[in-house]
Amino acid sequence: MGDWWQRNIMEPGKLPLLLALAAFVLTFAVTRVITRLIRAGKGPFGNVKAGGVHIHHVVPGVVLTVVGGFGAVAGGRHGVWSALAAVVFGIGAGLVLDEFALILHLDDVYWSEAGRKSVEVVVLTAALVGLVLAGFTPFGVDGMSQGELQDRANVIATVAGNFLFSLLALAKGKARLAIFGVIVPLIALVGAVRLARPGSPWARRFYARRPRARARARLRAERHDRRWSGPRRVVQDWIGGRPDPR
């Protein structure tokens, strides 16, 4: 564990990233607890208002993200200032992404069905940063020996191939696989070789004159959604709270 910490966190200068991730996750968790207490009318907390205007926490989040981001750029990857800037950035990012759905819809949808997008984005962000901390780098070209790193052709082919799989998965409407595929090799390959989701750019382009392919894609998507929508909603409700009934 000590060797891994030294090689993967300290030597590459990833400590600020670890601090930012910890601050990000903790801020999101604390914010959700507070907002759920406000929603339930419990505790000493309440909405912040100025002149009758509800000040969403995305506002201080943007300020902290800007301050922390510029501070991290100025402070480099080592030193106390860099660590402090990383924590400030993580707090700001947690506040901002907790209200990602509000930014996306330009409406206060925090406790609506559309507000689930915030939880999805936060979980996805934390997972991707966690993968980077664990030793993965974009396109999955980390872990190569010195000899392999000298073979530029192999590196370029690996990067290009993995990126192509991610693009194909994205075109087929499999955004999660595409995003994770950029970090972890071969994950995007699963989305690239399977049927596209109905309504995706790939389906509109290549299934337009193939009714059997459209029917299979629709059936597979319906089965997938039925299988995973329930567990996904349970996890989202547990993390972010249950949306208001329509």
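FYI, it's all coordinate maths here, none of it is from the lab. The model shown is predicted, which means the values in this text are computed figures rather than measured ones. Cβ: placed from backbone, ideal geometry, glycine included. Neighbour counts: every protein chain shown.
Were the residues from V190 through D108 laid out at 0.36 nm apart, the gain over their Cα-Cα distance would be 25.9 nm. The H on the amide N of V109, modeled in the peptide plane, is under 5 Å from the matching H of L102, each at least 5 residues off or on a different chain. A simple rule links phi to the HN-Hα coupling: the Karplus curve 6.51 cos²θ - 1.76 cosθ + 1.60 with θ = phi - 60°, which for segment 107-121 gives 7, 7, 10, 3, 9, 9, 4, 5, x, 4, 4, 4, 5, 4, 5 Hz, with x for Gly and Pro. For the chain, modelled as a GNM whose springs connect Cα atoms under 10 angstrom apart, the maximal fluctuation among G230, G69, G94 occurs at G230. Think of the chain as a dipole: +1 on every Lys or Arg Cβ, -1 on every Asp or Glu Cβ, centred on the Cα centre; then among V63, Y207, I183, Y207 lies furthest on the positive end.
For the chain, a Gaussian network of Cα nodes joined below 10 Å ranks S82, S112, S166 by mean-square fluctuation, and the top entry is S112. Over 30 Å apart at the Cα level, from the set K42/K117; K49/K174; K14/K172; K14/K117, are K49/K174; K14/K172. When shorter helices are ignored and each DSSP H run of at least 4 residues is given -39500 (n - 2.57), the per-residue value for the chain at 222 nm works out to -22000 deg cm²/dmol.
Place a +1 charge on the Cβ of each Lys and Arg in the chain and a -1 charge on the Cβ of each Asp and Glu, then give the dipole magnitude about the Cα centre in debye, rounded to the nearest 20. Provide the component values of the computation, followed by the final result.
Numbers: 32 positive and 15 negative charges, 356 e Å.
Approximately 1700 debye in magnitude.
Coupling constants for segment 29-45 follow from the phi torsions by the Karplus curve (6.51 cos²θ - 1.76 cosθ + 1.60, θ = phi - 60°), and in residue order they are 5, 5, 4, 5, 4, 5, 5, 6, 5, 4, 4, 7, x, 10, x, x, 8 Hz; glycine and proline get x. Highest mobility in the GNM of the chain, judged by mean-square fluctuation with C-alpha springs under 10 Å and restricted to G115, G43, G51, is found for G51.
Listed values for segment 50-67 are Karplus-derived 3J(HN,Hα) couplings in whole Hz (6.51 cos²θ - 1.76 cosθ + 1.60, θ = phi - 60°), namely 9, x, x, 9, 6, 8, 5, 6, 5, 5, x, x, 5, 4, 5, 5, 5, 4, and x replaces Gly and Pro. The charge dipole of segment 156-246, taken about its Cα centre with unit charges on the Cβ atoms of Lys, Arg (+1), Asp and Glu (-1) only, comes to about 640 debye. For D237 and A160, a Förster radius of 30 Å and the Cβ-Cβ distance give a FRET efficiency of 0.15, rounded to the nearest 0.05.
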